Amino acid sequence: MNIVETPLPGIGVRRELTLTTGRRVGVVTRRDGQTELIVSRLDDPDACAASIPLSADESAALGGLLGGTKLIAQLSAEQKDLPGVSTQQFPMHETSRYAGRTLGETQMRTLTGTSVVAILREGSVLASPRPDQVMLSGDVIVIVGTDSGLTAAAEILQSI
């Protein structure tokens, strides 16, 4: 994927890529720190169909959403050739015994043989979380393991 960077004198920088549909999608980062998501028109890639201002938090959340999707797709693709190994996502509910507690407290790897490879939180990806990482209600815990290990991991995360 080729990302084109264009200086915008007096404004900032535009970074965009061309999708397989021919439409361009990108981001304008202004000199004052403001960010704008831009989408070209399908019938004219040089004309703007949408320009959406984003706050810093919204930019980070959107980047995390897109990055999280890529992470899950990558993990799934890499395990395609490993029979018996899967990736699964588990939501952390507020009723879980481990909401607000550290990953290490679950003893997940010891008890199930699975590995927590990421935590998706408010659009951000916390890759390779450490045992002292606190899991919060609303997080999505991404785990790799065997089917039986993933079943056991679900039971741990869903325990009240």
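Okay, residues lined up against (1) touching a Lys or Arg at 6+ places or on another chain (Cβ under 6 Å); (2) within 15 Å of Phe90 (Cβ to Cβ); (3) among the polar types (S, T, N, Q):
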position: Gln107; (1), (2), (3): no, no, yes
position: Val116; (1), (2), (3): no, yes, no
position: Glu122; (1), (2), (3): no, no, no
position: Pro129; (1), (2), (3): no, yes, no
position: Ser137; (1), (2), (3): no, yes, yes
position: Ile141; (1), (2), (3): no, yes, no
position: Asp147; (1), (2), (3): no, yes, no
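Evaluated against (1) of a type outside the set (Lys, Arg); (2) modelled with pLDDT under 90; (3) within 30 Å of Leu136 (Cα to Cα); (4) loosely packed, with under 14 Cβ neighbours inside 10 Å, Gly100 falls short on exactly one condition, (2). If you go through the stretch 125-156 and keep only what is open to solvent by less than 20 Å² (accessible area, probe 1.4 Å) and over 20 Å from the mean Cα position of the chain (by Cα), you end up with Gly149, Leu150, Ala153, Ala154. Is there a residue being closer than 19 Å to Gly145 by Cα, open to solvent by less than 60 Å² (accessible area, probe 1.4 Å) and either modelled with pLDDT under 65 or touching a Gly at 6+ places or on another chain (Cβ under 7 Å) (or both) anywhere in the stretch 58-67? No, the conditions are met nowhere in the stretch 58-67. If the condition is being of a type outside the set (Lys, Arg), open to solvent by 80 Å² or more (accessible area, probe 1.4 Å) and closer than 15 Å to Glu36 by Cα, then the stretch 1-20 contributes Glu5, Pro7.
Ile156 passes every criterion in (1) of a type in the set (A, V, I, L, M, F, W, C); (2) touching a Phe, Trp or Tyr at 6+ places or on another chain (Cβ under 8 Å); (3) at pLDDT 95 or above apart from (3).
The values are calculated or read from the model by the stated rules, or taken from the named source; none is laboratory data. This is a predicted model, so every value here is computed, not measured. Positions of Cβ are generated from backbone atoms using ideal geometry, with glycine treated the same way; all protein chains shown enter the neighbour counts. Accessible surface is based on the protein model in full, side chains and every heavy atom, while ligands, DNA and RNA are left aside. Shrake-Rupley method; radii C 1.70, N 1.55, O 1.52, S 1.80 Å.
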